[in-house]
1. Does segment B:136-143 contain at least one residue that is buried (at least 24 other Cβ atoms within 10 Å of the Cβ), part of a helix (DSSP H, G or I), within 14 Å of chain A (Cβ to nearest Cβ) and within 18 Å of the chain's Cα centre (by Cα)?
2. Among the numbered criteria (1) touching a helix residue (DSSP H, G or I) at 6+ places or on another chain (Cβ under 9 Å); (2) under 15 Å from residue B:298 (Cα atoms), which single criterion is violated by residue B:77?
3. Does residue A:392 satisfy the condition of being surrounded by fewer than 20 Cβ atoms within 10 Å (Cβ to Cβ), over 23 Å from residue A:66 (Cβ atoms), under 23 Å from the mean Cα position of the chain (by Cα) and not assigned by TED's automatic domain parsing to the domain that holds residue A:130?
4. Of A:273, A:241, A:292, A:281, which residue is over 19 Å from residue A:226 (Cβ atoms) and surrounded by 24 or more Cβ atoms within 10 Å (Cβ to Cβ)?
5. If you go through segment B:69-96, how many residues are within 29 Å of residue B:399 (Cα to Cα), part of a helix (DSSP H, G or I) and within 12 Å of chain A (Cβ to nearest Cβ)?
6. I need the helices (runs of 4 or more DSSP H) fully contained in segment A:238-327, keeping only those with at least 3 residues that are more than 7 Å from every other protein chain (Cβ to nearest Cβ).
7. What number of residues within segment A:15-30 are within 26 Å of the chain's Cα centre (by Cα) and either modelled with pLDDT under 95 or at positive phi (or both)?
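The values are calculated or read from the model by the stated rules, or taken from the named source; none is laboratory data. In this text, all values refer to a predicted model and were calculated from it rather than measured experimentally. Cβ atoms come from the backbone with ideal geometry, glycine included; neighbour counts cover every protein chain shown.
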């Protein structure tokens, strides 16, 4: 399968896109930027005239099926929210509900230019099936709570998920182990997870240092910060993607840098849950790879990586009183190449010959794009996720001219209505 | 002229919209919510089936023609940005350029559900003409710099603007006096502006306490904070809308509350320029009216009140570690009724019988609206400005089904390209 995208603009190092280019895709990779392509050579041609081509956006931390909890419970204290709203509803999830909640998330993400996600949740076979169908790239993990009665079976389930799905769909689907957090996974369990990670060569996705309370309790119980505790139990001996890292100190950051821990920064969720603002400047300065994520739709409440890019570029300027803190190009990097590194890819997140072909085309005809002196500035500060026009993942078009190709949106509407009734029937 | 909007949903106090309603508009006001309207009685009927009706959004602080500086210069130190980029370009503005820059802003704002703006800038006759044509509601002021050679003529220009435009277009256009800021307007000049405000009954729009540097310099020069200085020169004896108020202390807040100073909070701009985060919770607790604004497109870089609502709801939660800090309904209030109060209206910003008919209809068919348990939550946290479908200002439709009715968008494209060439020709 050979695909040609014609006449797109690609931003240069200075953010300014000045030259129309053609992008050739062979299989799932970018194979050339031909100046004078022979159109008879291609199975499919996408006209990109006037559009901007960017690497697809990478959502490094989310819980996709939680779209079904969107707007169900907002502006609440964390424990009240979890105990009285989220957990009772989560108890009712099943394979069917998670399949459609995931598909809703993929529709929303693809519509907004997100081509990869990283998930940790339940009924992950359903999530994988939905991702396979939607054509989106994703790293999935079974959320593991060591304190739960199903701690052992969930770990086995996660390993089975790895055996069944890792590398599936032409490499699009990858599997990670998902120990939930230090406050739900005691050290012994974390060691068990780490051992499984070593045995099966599975990377880990975990929530770390999200709230002040978590850090305080961890210090009280173990005399160490969550980061130091993870280091102590040997978790960082395997590749780890740590979500949040809002409350990390200089020592924590030094450990994370030394051990190559990658971070999923979720500015919208951290603000909405009043967790705080992660020290992203310090982490990046220490050489830590930081990607961006939306977290679940229940704490955001959308899966819009344009909104997260803008937030990441804005909030760190204000808290550091430095207008150059995270420049537009850095925010875009975090949402693309750095995000791809968080997911374990070293050949994703740039429009580069030989790299994986996850590409989005952006319609620049909106008023928010006028005038356009710098495409990267506008992408980060002024663009709207609805400006995304065409999405290609792993070499295959999944949206063209704003029309989703892999998801039947009428059926999606029907099924979401159906599973929402099932999920909430009888709950207040 | 009688208009009927049929079958829309209006959110109740709890944010949940459950009942379809009809809205009747007579002239420029909401005249009834008829249960069984006689359709033969109306000059125009807008079908709103399934759509959400909200009061139009009020942008309480912007510089509309600065759309022409969008993406021209970002991620720079404030003085470098102003001296080397913005001011040289601003020197080239003229009536024609400001007319089209303003029209671009109105197109963007109406497209995104903003029905009122509050501007302070130059060539304001052109801004007023553009607003008159676009059908948008606006308070306009001539920016006044007391330190400038044109200080006296600009003040006279602002008074002339008031005589010519205040109350024009069926009351849509209002005029304010626009002393720029304490650091550009010495006390004697501010007294002169205040005297003019008293003589002609004109309210004032001013930038106050935007940066730490401004406050420090003011304290050095006058031994007072900017707020205390304004109080001292008697500026607060007339109605004042103060933009920013990022660096105000408890004493300042007490003065502002006592004097009825209203505040335009610009979260996006304050973050982008690394000014800081305004103490909105303390100001609101003191009873101060706080609206939301985008500031100019050069420091935002879009005029999207949905983005500002979300930011306002999010950032104050994190800095106060309180997930209930600004709830969704409060953010929506700030963007509607509170914003209208900032502009001097007490009959705008709610869908209420007898109140002015600035109404937006929102298309809830996007994935970001599913599921929809709470329309206000989704409006603030998950909605996209592109969800706005229909806009009515002062009783007149200016956008129906996403089509602008008062602005020729093809001509706008052409003219914006033309004036941008004129504005930047020869500049680096």
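1. no
2. So residue B:77 meets the others, but not (1).
3. When the stated conditions are applied, residue A:392 does not pass them.
4. Details: A:273 fails: over 19 Å from residue A:226 (Cβ atoms); A:241 fails: over 19 Å from residue A:226 (Cβ atoms); A:281 fails: surrounded by 24 or more Cβ atoms within 10 Å (Cβ to Cβ).
Exactly one residue qualifies, and that residue is A:292.
5. Result for segment B:69-96: 1.
6. Because the criterion is at least 3 residues that are more than 7 Å from every other protein chain (Cβ to nearest Cβ), the helices (runs of 4 or more DSSP H) in segment A:238-327 that meet it are A:250-259, A:280-285, A:305-320.
7. Residues in segment A:15-30 being within 26 Å of the chain's Cα centre (by Cα) and either modelled with pLDDT under 95 or at positive phi (or both): 2 in total.
Table: residues versus (1) in contact with a strand residue (DSSP E or B) (Cβ under 8 Å, 6 or more places away or on another chain); (2) without any contact (Cβ under 8 Å) to a residue 40 or more places away in the chain; (3) part of a strand (DSSP E or B); (4) under 27 Å from residue B:322 (Cα atoms).
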residue: A:129; (1), (2), (3), (4): no, yes, no, no
residue: A:149; (1), (2), (3), (4): no, yes, no, no
residue: A:152; (1), (2), (3), (4): no, yes, no, no
residue: A:157; (1), (2), (3), (4): yes, yes, no, no
residue: A:174; (1), (2), (3), (4): yes, no, yes, no
residue: A:188; (1), (2), (3), (4): no, no, no, no
residue: A:202; (1), (2), (3), (4): yes, no, no, no
residue: A:220; (1), (2), (3), (4): no, yes, no, yes
